[in-house]
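Here the structure is laid out as structure tokens; the discussion comes afterwards.
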Amino acid sequence: MSAELAIRGGTVVDGTGSRPVRADVGVSDGRIVEIAARVTGTREIDAAGRLVTPGFIDIHTHYDPQVLWDSSLSPSCWHGVTSVVAGNCGYSIAPTRAENRDSLFRTLDKVEDMRFDTLAAGVQWDFETYPEYLDTVQRRGIAINFGGYVGHTPVRVYVMGDEAYERVATDEEVGRMAAIVRDSVLGGALGFSTDRAGFHIGDGGRPVPSIVATEEETQALMCAVGEAGRGIVRHGRRGPVPGRRLAAHRGRVRILTGGVMSPSPAASSVLAGLDSVRAWQEDFYRGLHQHPELSHDVLLALHMDQELAFEHDHRFVAWMSV
Ligand SMILES: [Zn+2]
């Protein structure tokens, strides 16, 4: 059989857990049509000495600004990543009013190690809302798949201005923030993200706005995702996310927590964390989905430090199938 494209001579790791095999891969009409010892194609790629794998999805990135000047999203694309999720930790770059752009860049400079001058040179501000931002991304074009959360920090600054760094919001302001989150998700955001870990310092050496927010505010914004009827909440918190209000949205809000992220994770504490989250969930919020986010650095550290693969632990399998 001859395919439009044959990737030949590589070692196929198909992502199912099967052993790697030497095989050719045929692609026609954008789909894999054959995996066999010998496949020929109208066009052929020599993959000898290389791995041939499905594309990787990187669920935790901060490409929100970079996508506006680097459509290839390097270096992720060099590593086989074909889909990225941006806007993590509460840091999208929309919605942002003109008067708050520099402040946002100063916060990103501190929190995410993006240099202010690079951001100022690279971001052309032809958007204000999150849906307008996505339109801009699409108009500029992109080599790999891109999606993002709308972030707590810019949403708060959009409503409260610089006071977002200083004070608790009024009920009226929380209502406006919730409407923005809902409209952003309905306008294409993958969900809502926040940073509640408590250690991030932003513009002017002040705690980032999402940390200044009360738990009530945070839950109201998480519930806005439930009201939109789709989307994911990425909650930068170690351990389970509290909140009776969320119970009303059980089954409609999926939450990724930062619960297993740690500078030097030990497998035992990770799994203990999973157990405690599960027990808590079953105890009170049955049916409200929470998944620990397993970042590549955690997995890499585990593989280097411990002879433990998550997928071989029944607790992990049970957890991820919730
Ligand atoms: Zn992050």
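Yes or no: VAL123 within 15 Å of the ligand (Cβ to nearest atom) and buried (at least 20 other Cβ atoms within 10 Å of the Cβ)? Break it down stepwise before answering.
Details: within 15 Å of the ligand (Cβ to nearest atom): no; buried (at least 20 other Cβ atoms within 10 Å of the Cβ): yes.
Criteria not met by VAL123.
Given the residues GLU128, GLU112, GLU132, which is the only one that is among the acidic types (Asp, Glu) and either in contact with a Cys (Cβ under 9 Å, 6 or more places away or on another chain) or closer than 14 Å to ALA86 by Cβ (or both)? Give the derivation first.
Details: GLU128 fails: either in contact with a Cys (Cβ under 9 Å, 6 or more places away or on another chain) or closer than 14 Å to ALA86 by Cβ (or both); GLU132 fails: either in contact with a Cys (Cβ under 9 Å, 6 or more places away or on another chain) or closer than 14 Å to ALA86 by Cβ (or both).
Residue meeting the stated conditions: GLU112.
Evaluate the following for VAL67: is it buried (at least 18 other Cβ atoms within 10 Å of the Cβ), out of contact with any helix residue (DSSP H, G or I) (no Cβ under 9 Å at 6 or more places or on another chain) and of a type in the set (A, V, I, L, M, F, W, C)? Reasoning before the result, please.
Working: buried (at least 18 other Cβ atoms within 10 Å of the Cβ): yes; out of contact with any helix residue (DSSP H, G or I) (no Cβ under 9 Å at 6 or more places or on another chain): no; of a type in the set (A, V, I, L, M, F, W, C): yes.
For VAL67, the condition - buried (at least 18 other Cβ atoms within 10 Å of the Cβ), out of contact with any helix residue (DSSP H, G or I) (no Cβ under 9 Å at 6 or more places or on another chain) and of a type in the set (A, V, I, L, M, F, W, C) - is not met.
Can you name the residue in the stretch 81-107 that is away from the ligand (no atom under 16 Å from the Cβ) and in contact with a strand residue (DSSP E or B) (Cβ under 8 Å, 6 or more places away or on another chain) and is also farthest from VAL52 (Cα to Cα) among such residues?
Checked the stretch 81-107; the qualifying residue farthest from VAL52 (Cα to Cα) is PRO95.
Please go through the stretch 72-115 and pick out each residue that is within 19 Å of the chain's Cα centre (by Cα), of a type in the set (D, E, K, R) and not in a helix (DSSP H, G or I).
ASP113
Would you be able to say whether some residue in the stretch 129-145 is assigned by TED's automatic domain parsing to the domain that holds CYS77, surrounded by fewer than 19 Cβ atoms within 10 Å (Cβ to Cβ) and part of a strand (DSSP E or B)?
Within the stretch 129-145, one or more residues are assigned by TED's automatic domain parsing to the domain that holds CYS77, surrounded by fewer than 19 Cβ atoms within 10 Å (Cβ to Cβ) and part of a strand (DSSP E or B).
Which is at positive phi, modelled with pLDDT of 90 or more and in a helix (DSSP H, G or I), of GLY188, GLY204? Full working, then the answer.
Details: GLY188 fails: in a helix (DSSP H, G or I).
Within the list GLY188, GLY204, the selection yields GLY204.
Which ones in the stretch 36-51 are surrounded by 12 or more Cβ atoms within 10 Å (Cβ to Cβ) and modelled with pLDDT under 95?
Listed by number, the list holds a single entry, ARG50.
Does ASP109 satisfy the criteria of being of a type outside the set (Ser, Thr, Tyr), in the same structural domain as ALA189 (by TED's automatic domain parsing) and touching a helix residue (DSSP H, G or I) at 6+ places or on another chain (Cβ under 8 Å)?
Working: of a type outside the set (Ser, Thr, Tyr): yes; in the same structural domain as ALA189 (by TED's automatic domain parsing): yes; touching a helix residue (DSSP H, G or I) at 6+ places or on another chain (Cβ under 8 Å): yes.
Yes.
Counting residues that are outside the structural domain of LEU119 (by TED's automatic domain parsing), at positive phi and within 16 Å of the ligand (Cβ to nearest atom), which strands (runs of 3 or more DSSP E) fully inside the stretch 1-69 reach at least 1? Explain how you work it out, then say what you get.
Working: elements: 2-12, 21-28, 31-36, 40-46, 56-58.
So the answer is none; nothing clears 1.
The values are calculated or read from the model by the stated rules, or taken from the named source; none is laboratory data. Because the structure is a prediction, the values reported are computed rather than measured. Cβ atoms come from the backbone with ideal geometry, glycine included; neighbour counts cover every protein chain shown.
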